[in-house]
Structures are given as structure tokens and as C-alpha cells.
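The structure appears right after this line, and notes come after that.
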Amino acid sequence: MKPMPARLESAAAERNKQPIAEALGGVLPPSGLVFEIASGTGQHAEHLARAYPDLEWQPSEPDDESRAALAARVQRTGLPNLRAPIAFDVHSSATPIASAQAVVCINMIHIAPWSACEALLRHASVLLAPGAPLFVYGPFMRDGLHTAPSNAAFDSSLRARNASWGVRDLTDVDGLARGYGFTLALTMTMPANNFSIVWRRRR
């Protein structure tokens with residue numbers, strides 16, 4: 001029998017999974033399907049599926065190796081509401097599922113080109129009904145300024161690795177979101193100079 005892929009672990013995901021779960025408390029619907037874009041190690045998917053047992057959690061991941069480890073995590077947990085991950089690159093033209101009651105994206109848009117942010121909003125606009133939430137977590141600039149020196153240093157390190165990456169300005173992201181039919185509903189300050197941002201599809 002072929003052994004399961006090794007479990008992938010992120011120290012940052014371990015630290016922020018519970019604050020994110022708490023931030024989602026007043027955001028997620030009582031039931032339905034949550035589509036997570038760029039699930040990475042799956043630590044958030046596992047934790048949030050445990051925290052919200054009445055919701056179905058659908059993780060996704062474009063990287064083959066990460067997705068195999070994520071699939072093994074899902075199998076090990078045996079949670080009935082945590083689905084096997086699907087292969088999905090946010091730049092894909094086709095949205096992989098028909099609809100969702102919420103879309104969640106954690107720590108992606110700064111470690112990706114700006115086109116990934118636009119693609120996220122495009123897919124979310126297809127998936128979500130009016131009033132449904134899009135939840136995005138990560139560092140953001142505010143009005144052209146970093147919120148902490150550590151975020152400025154992080155931004156510089158990201159751009160040194162890839163010139164198309166970087167901490168995004170919330171004003172820019174919100175302007176794009178409005179163009180896709182979203183209204184900014186909530187901005188929550190999180191630990192380690194991060195933010196939880198909630199947009200809702202306009203009715």
C-alpha cells in the first residue's frame with residue numbers, strides 16, 4: 001500500500017487558525033457550503049470544519065504536492081463536513097463548483113500577482129448569491145501606508161522574491177471588489193498586523 005503524503009504544517013497557520021475561526025463567527029451562514037480558495041496545508045480547513053460542523057467545507061489547492069498532503073489530512077481527520085480538496089488555480093477561467101454560501105481566502109493575495117486578486121473576486125461573484133460573504137485574511141496597506149514596520153519589511157521581502165507580489169492596499173482591493181458587485185461590510189484588525197476583511201454581494 002502506498003504511504004500517505006507527509007502532513008504539511010505552517011507555524012503561522014497554527015497561530016492564526018483560532019483568531020480566524022472567531023472572526024468568522026458572525027460572518028458565515030448557519031449552514032451551506034464554504035468554498036476555500038488556496039487552502040495550502042489545510043490547517044485552516046481542518047480547524048474551521050471542526051469549529052463549524054453544520055457547514056460543508058470545500059478546500060482547493062493548485063499545487064499538486066500540497067493538494068496530495070491536504071487530501072491525506074482530510075482522510076486522516078475523517079470529518080464528515082470536510083470534503084476532499086479539488087484542484088483549482090484561481091486564474092482558471094472556469095469556476096469549479098456551481099455555487100457556495102461563502103467564499104474564504106486566507107493569505108493568498110499578497111503572495112500572488114494582482115491578477116490573482118481580480119480572479120478571486122471574479123470567481124466569488126459567480127459563486128455567491130446576493131448577501132453572501134467573501135472573507136479575505138492577510139496583511140493590507142491602508143491609504144497607501146503600511147500599518148506596521150514589520151509589514152513594510154515583509155512587503156519588501158515579497159517583492160524581492162517576485163516583483164508581482166506584495167502587500168495590497170485595501171482601497172485598491174475594495175475598488176476592484178465594487179466593480180464585481182461587492183460591498184465592503186466589515187474590517188477587523190487581527191493579531192500580527194493582519195486584517196480580516198468581509199465583502200458581501202450586493203442585493
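Nothing in this text is a laboratory measurement; each read-out follows from the coordinates by a stated rule. This one's a predicted model, so the numbers in the text were calculated from it and none came from an experiment.
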Q) GNM, the chain, Cα, under 10 Å: largest mean-square fluctuation among 121, 82, 158? A) 158
Q. Once a ≥ b ≥ c are taken as the square roots of the eigenvalues of the Cα gyration tensor of the stretch 60-203, is the result rounded (a/c under 1.5), prolate (a/b larger than b/c) or oblate (a/b not larger than b/c)?
A. oblate
Q: Answer rounded, prolate or oblate for the stretch 1-124, using the Cα gyration tensor with square roots of eigenvalues a ≥ b ≥ c: rounded when a/c is under 1.5, else prolate when a/b is larger than b/c, else oblate.
A: rounded
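I need the shape label for the stretch 149-203. Rule: rounded when a/c is under 1.5, else prolate if a/b > b/c, else oblate, with a, b, c from the alpha carbon gyration tensor.
In terms of gyration-tensor shape, oblate.
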